[in-house]
Each structure stands twice: as C-alpha cells, then as structure tokens.
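The values are calculated or read from the model by the stated rules, or taken from the named source; none is laboratory data. Computed from a predicted model, the values in this text were never measured in an experiment. Neighbour counts are summed over all protein chains in view; Cβ atoms, including those assigned to glycine, are modelled from backbone coordinates with ideal geometry. All accessible areas refer to the heavy atoms of the entire protein, side chains included, with ligands and DNA or RNA removed. Shrake-Rupley method; radii C 1.70, N 1.55, O 1.52, S 1.80 Å.
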Amino acid sequence: MIGASLPLEGVRRTIDAVWKMESAKIVAGLTRMVRDVGLAEELAQDALVAALEQWPESGVPDNPGAWLTAIAKRRAVDHIRRSARLERKHEQIAYELEQRQPDGEPDDVLRLMFLSCHPVLPTEERVALTLRLLGGLTAAEIARAFLAGEPVIVQRIASAKRTLADEGVPFELPDGGELAERLSSVLDVIYLIFNEGYSATSGDDLMRPELCLEALRLGRLLAELAPHEAEVHGLVALMELQASRSAARTGPSGEPVQLHEQNRGRWDRLLIRRGFTAMLRAREAGGPPGPYMLQAAIAVCHAQAATAADTDWRRIASLYEVLARLLPTPVVRLNHAVALGMAYGPEAGLAVADLLTDDPTLRDYHLLPSVRGDLLLRLGRREEARREFLRAASLTGNDAERAFLHRRADEIPAPEAPTLTLGRAARDFLARDDLDGGTVRSYGQTLRRLRLSLGEELPLDSLTADQVARVFRTAWGEAAAATWNRHRSAVRSFCAWASLEDLAAGLDRRAATPNRTETIDAARLDALWNLPGVPLRELTLWRLLHESTAGVTTVLSLNVEDLDLDDRRARAGGGWVSWRSGTARLLPRLLAGRTRGPLFLADRRPGPARAPTPADLCPETGRGRLSYERAEYLFKRATKPLDPAGHGYTLRQLKPRG
Amino acid sequence: MRYLMTTKATDAADETLYAEMAKFVEELTAAGVLLATGGLEPGGVRITSSGDTITVTDGPFTEAKEAVAGFALVEVRSKEEAIELTRRFRKIVGDGESVIQQVFGP
C-alpha cells in the first residue's frame, strides 16, 4: 500500500492513472451486468468518486483496479435490486452476479469496442465514445485533443449512449456476415483517431501525439482480442510504421518535412520492428489483403528503404493501383499519382493528378495543388508550379503547412514583368464604387471560388472558358439553377468589366427547376417520426411544423410564455399557431420547467462576438434561439436516408398539402 | 511518453514467480503498454574511455548486486501510470529495487 501521507494532488493523479488503465475493463464488465452502457459508466464513475473520497485517507489499495470493480459491482447489484422491486427472478440474478468473479469475461472489452463503434452512431459520436469508454479519457481531454468545446463532446457522448439504449443495441460480439462490416467500423474509428493526431487538420501543431498514442494502444489491444483478423494486424502495422516517422516529419520550427527528405536516422526502429511484426501476423492470418494491409505494405516499402533513392516506387505504385480498386477515394488516387510520378517520371504522375482536378470532393483539398506543383516543377513548368504552391497554401488550414508551401513558392522566382493576375483583377473589380453591398457580396462569392480553384496569381489573360467551366462543374454542378445562373452572370459581368472575351461561353444558362416544395408522403412521414436517435427538440419542431402548418420562421420565433398548452395553441404575431396530440405529448418534456424565453434553443450559448438581442436569449440557460439555418441543416441531414434522391428534405416540406 | 524501468538483481526466482511474471508481461503487451522487455546477462563487458585510451573489461564485477538485471520499456500517458505499473511489478517480484526514467527521443 502506498503511504497515506501522499499529498492529495498526488493521490488524485494516481487515481487518474489507475482509472485510465482500468476503466475499459470495469465499464465493459458492468455493461455485461446491467446491459446499458450509459448506466454502466455511471456506476463506474460512482466507484471513481468513492476512490477520490476514500483513498486520500486510506491510501491507495494494493489492487486499485479490483477495488474499483468491486465497488462498482456492488452499486450495480444495488441498482438491479432497486429497479426490479425485489422480484424473485431479479433477486436471483442479483445474487448470482454477486457471487461471480469480478474479473469479467475476456471478450468484454472487445464487446465494448464493437458497441462504441456501432454503425447506428454518427462517426464523430463513435470517436468520442470510444475515447471515453476504451481510452478512459475525460470529455475535457477529448475536447482538447480535437480542438472542440467540452460541451460539444459531452453532448456527443450523451447522444451516443442514448441512441445505443433507444436502439437496444446488444452487448454481443457480431457473428458471421455482420462481423466484417462491424470490424471495419472499429478499425475506421481507430484509424480516424490516429489520423486526427498524426496529421492534425487544423491548429498550429502538425501532430497531436497523445491521439496517435491512444489509437496505437487501442489497435494493439484489438490485435490481442481479435488475433485472427488480418486487417486488424494490418491497421496496427500501418499505425506503428507511420508513428515511427513522427520525430522525423517535422523540422526544428515545426514545419513539415516530406518523406523523401526525412532523416531516416530519426525513424524509430523499435516501432518499425513492431510494424514489421504486425505485418507478419497479418500475413499469417491469411486471406486477400484489405485496405489497411495494403497501406501497411506501402509503409513497409518506405521503412525498408535505407535512403529515399532506394525506395521501390514501382512496387508502391502497383500497391496503390490495387488499393485504388478497393478504396477508390480521391486521396488514394492522388497518392497513386505521386507514386507513378516517382516510379515512371513526372509526366505519368501528372496525367493521373490532372484527372482529379475535375473531382468536386478534392475542390478544396490542398494536397492536390501541392502534388501538382511538385510534378510541374520537375517538368520544368516553374511558373505553373509556383501558382499551384500558392494555391495549396491558400487552401490548407494548418499554419506550419501553409508556411512550408509559401516557402516552396518563394523558391521559384516570380515572372519579371508583373502581369495582371486573377486575384488583382478580382479585387479591383469588387472595389468599384458603382456596386451596391449585396452585389459585391454575391460577385465576391463567385470570384472567391475562382481564385481558390485557379489561384490568385493566375495571369488574367491566360484564363480560359474551359477553366471557368471546370470550376463551375466542380463547385456548383449540383446546385440549384438559380445559384448556377447567379454565378454565371457574375462571371459575365466580370468579363465585360475586364474586357475579356466571354468566359461564361462554356456555361449554359439553366432553366429554373420547380421549387422543391412537394410535401413528404405519409409513409415517409411515418418513418420520420420513428427515426432513431432524433433529439427531442428536433422531433418537437418537426411535429409542430407538420401539425400547425405554420411557417418555419413563425414557429422558430415562438416563446415559452406565448404557449397555451391546455388549448394547444400559441400566440404568434397577430394570429395563432395551433397543434395536435403529437406535439402536445412532446412539448412539456421539451420545456422541462422553462417558463420564459425562446421555445427552441440553440445547442450552446452564443459566443461574445455575436450576442443576440435579449428577446432571442433564454433567461434561464443563457442559450440563444435556434436559427433557421441550423434547424434546416439538421432536418436535411436527418432525412437524407428517407429521401430517394438522397438530398434530404427541407422544413417547408413538412407542411401538409392543401 | 516512454519510461524505461530497470530492475536490479534479486535472489533466485522460482517457477511460480516466472509464471506470474510471464502473465504480467502478457497483460501489459495485450494492453498495448509494453514495447520491449528483456533480462540482462550478469556481469557483461565494461568499456571505459579516458583521454585517448579505451579500456575493455570483462565482468563479473564486484558490485554485481547493483547491476541491472532486466528492463522494460513502456508507453504510458503519465508518470503516475509508469509508477502504478512498476508498483504491480514489485508486488510480484518481492523485495528489491526498480528505477523508472522517462526516455526522451528517439
């Protein structure tokens, strides 16, 4: 036993460490007992609180994990007794649980992984719940790692638990045909966590190592729990090998160092060896290589090359070719282009990279212009390369990467005679004083897209109608006709001003499509009311819109004090909004005792920069009024699976016909 | 963060101890914590440098009791975790001493 004289802070830290090491096992064992992961975690938290109260006095027990488990189990038994009102049958269950070893079953933790990565949950909730339950991280720690607000993470975790409970997701190992799909969901969550750490997508750090470590731990754990799954070992191999380069991939001031320029002496041989071992286990497990094994095989090629020049690019290119068949994502195809460029020369790479410039999903992906810049530079097309590097810099959200891309652009001398660039012309065009504010904003949107997609520094006289058409296809190909036409007339106006030939020549004016205000049919409405995991606020809003046939703005502007729950109506402007039983059932729960302020509240308090008027603030919670945009977005997202066209519906479509 | 735990030689270990140690090592590996571990030969070879002279001396050395007999490299989230692991290890091996040091690098 550690002496009781430990300072309080020391005990706290010890408890925290023990919790992180033991919580997955404890929560998993409890979930098997109480069949509800939310409740299980609450019980485990109770045990943690008990430890915080008792250990500073009594000292840390010899086996702290067992101590926590025992306390939590006792609470679980109490809970079952209470909730079962001492029915004989449940009494028997409680008795049996009491007698059972607290160790739990070996597969419990694996079950917990499958549960927290269950496909009924949105991806971000899977990630948060996994870090919480399997990694033992607090919401604050997860929020920090993802640069998110703590309330957001708390909400994600709560929503995930609610969904799992509502859906009655069993605490079981998936079998047969389901296993592959469920396992790939677990692998994807782990790799997502790893990547968020490895290539921090935003902020000023290029790495958030704690997330990489957490993902590695989860992967290694999974490899022990599911040793016969080749892809699990493939993922572990991939992460170990990528992590082995951590130290070498940033320079002294945090700037990224590309693979071929890395000091291979700084690669972590220990992790490389672990990666190779995991790869061997993956091969032993057998079966055709899946996406993680293929990516790991590519990482093995890099790790085996003593110098960048020794890299077997032909093998890497052929591995990417197989991977692109399994996983034809734009990013994989871009990497294929890089490999081809290395194996067979820049022209071969550029041919594939150029195909990707038409892909809307890569529209704002900074690595595409960055790769093209590289290939163009090797082909001696220096000015084009310089512009691609600048464009890549304008697209990345990462400070270190932006600085690096600017440096690459600066290494290429700019043209002697400064030509009029697209960026310059666009600024001059918008700075005219004969345009009103609305027009400037509207034209500004169009030109901003052109500048982002084609580069600030593109000489205006080299701009072609083909380029403009390509930007339009990737940016607004799917947009409504009115949007397309608005951007089209902005381009025409810009051309007239700049005395350019008509660059909108490749763009047809689109006939307006009829407004999508057809209502949602009865069967889909029925499915809508029964959608799993819909928060109470959304459900109430949708019901109310449907039953009242009132306008969306009107309903969102309702205040709690305007409601007359008994008569099922509310005063709105000069008239009344009234509803029926569906809404009436939901409203009291939504109000939860609130007496004043907006009926529908935003998820969080508004930031200081956009303080709403007092009328739009809840005096009790400080939260603002739910906005139309947000409500519309949530509805659209929720109804995507119901809409045969896959777009999702708009709130106005809730209004019944006639 | 990584910690290297080194353990000094203890009196002869028996079968049960080895079995318990093996179980512990297995557990830590499964938890993704243990990166590398190994026992060290007693004695070893000592290489000293002084000015331009390098002297190589074969063991055993008189202060054998103080020599490191085994090591474990662990990946943990805090010093407290490393201490907790070492505490569990010491519970298994009995009287003696281990040292943990954070590893910088690679």
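Rounded to the nearest whole angstrom, the semi-axes of the ellipsoid equivalent to chain B, taken from the Cα gyration tensor as √(5λ), stand at 27, 19, 11, largest first.
Name the residue from A:Ala479, A:Leu121, A:Leu356 whose Cα lies farthest towards the positive end of the charge dipole of the protein assembly as shown, charges +1 on Cβ of Lys and Arg and -1 on Cβ of Asp and Glu. Comparing the listed Cα positions along the dipole, A:Ala479 ranks first.
Largest first, the residues A:Thr14, A:Thr307 sort by 1.4 Å accessible area into A:Thr307, A:Thr14.
Annotation: the antiparallel percentage among DSSP beta bridges lying fully within the protein assembly as shown is about 95. Between A:Arg652 and A:Glu538, what's the calculated FRET efficiency when r is the beta-carbon distance and R0 is 22 Å? Round to 0.05. For A:Arg652 and A:Glu538, the calculated efficiency is 0.90.
What are the lysines whose alpha-carbon lies under 22 Å from the alpha-carbon of A:Lys636, with same-chain residues fewer than 8 places away excluded? Filter leaves A:Lys655. Accessible surface for A:Met113 stands near 10 Å², nearest 10, in the context of the full protein assembly shown (1.4 Å probe). Computed on chain A, with alpha-carbon pairs under 8 angstrom and 6+ residues apart, the relative contact order is 7 percent.
When the C-alpha to C-alpha distance is required to be over 20 Å, the pairs from A:Lys20/B:Lys79; A:Lys20/B:Lys8; A:Lys73/B:Lys79; B:Lys23/B:Lys79; B:Lys8/B:Lys91 that qualify are A:Lys20/B:Lys8; A:Lys73/B:Lys79; B:Lys23/B:Lys79. Computed from the Cα positions only, the extents of the stretch A:309-367 along the three principal axes stand at 35, 24, 16 Å, in decreasing order.
Over all pairs of distinct alpha carbons, what does the Kirkwood formula give as the hydrodynamic radius of the stretch A:332-453, in Å? The Cα-based Kirkwood calculation yields 15.7 Å. Of B:Thr57, B:Thr29, B:Thr86, the residue with the greatest mean-square motion in the GNM of chain B, using alpha carbon springs below 10 Å, is B:Thr57. Using a probe of 1.4 Å, the accessible surface attributed to A:Asp107 totals some 60 Å² when neighbouring protein chains are kept in position. Each of A:Cys618, A:Leu563, A:Val236 was placed along the dipole of chain A (beta-carbon charges, centred on the mean Cα), and the one lying farthest toward the positive end is A:Leu563. Buried on complex formation within the stretch A:212-235 (loss of at least 10 square angstrom of accessible surface versus the isolated chain, 1.4 Å probe, ligands and nucleic acids ignored): A:Leu213, A:Glu214, A:Arg217, A:Arg220, A:Leu221, A:Glu224.
A 1.4 Å probe over all protein chains sorts A:Glu384, A:Glu518 by accessible area into A:Glu518, A:Glu384, starting with the largest.
Here the Kirkwood formula puts the hydrodynamic radius of the protein assembly as shown at 30.8 Å, using every distinct Cα pair. Share of carbon and sulfur in the accessible area of the protein assembly as shown stands at 52%, probe radius 1.4 Å. If I model a spin label at B:Thr16 and B:Val103 as a point 7 Å from the Cα along the Cα→Cβ vector, what separation in nanometres do I get? Calculated label separation equals 3.3 nm. Chain A and chain B together bury an accessible surface of about 2100 square angstrom, both sides counted, with a 1.4 Å probe and no ligands or nucleic acids included. With contacts taken as Cα pairs under 8 Å and at least 6 residues apart, chain B reaches a relative contact order of 48 percent.
Per-residue surface analysis assigns B:Ile54 an accessible area of about 110 Å², computed on protein heavy atoms at 1.4 Å probe radius. Computed from the Cβ-Cβ distance with R0 of 56 Å, the FRET efficiency linking B:Val45 to A:Ser58 stands at 0.70. Using bins of 10 Å that start at zero, the share of Cα-Cα pairs per bin across the stretch A:415-513 amounts to 15, 52, 28, 4, 0, in whole %.
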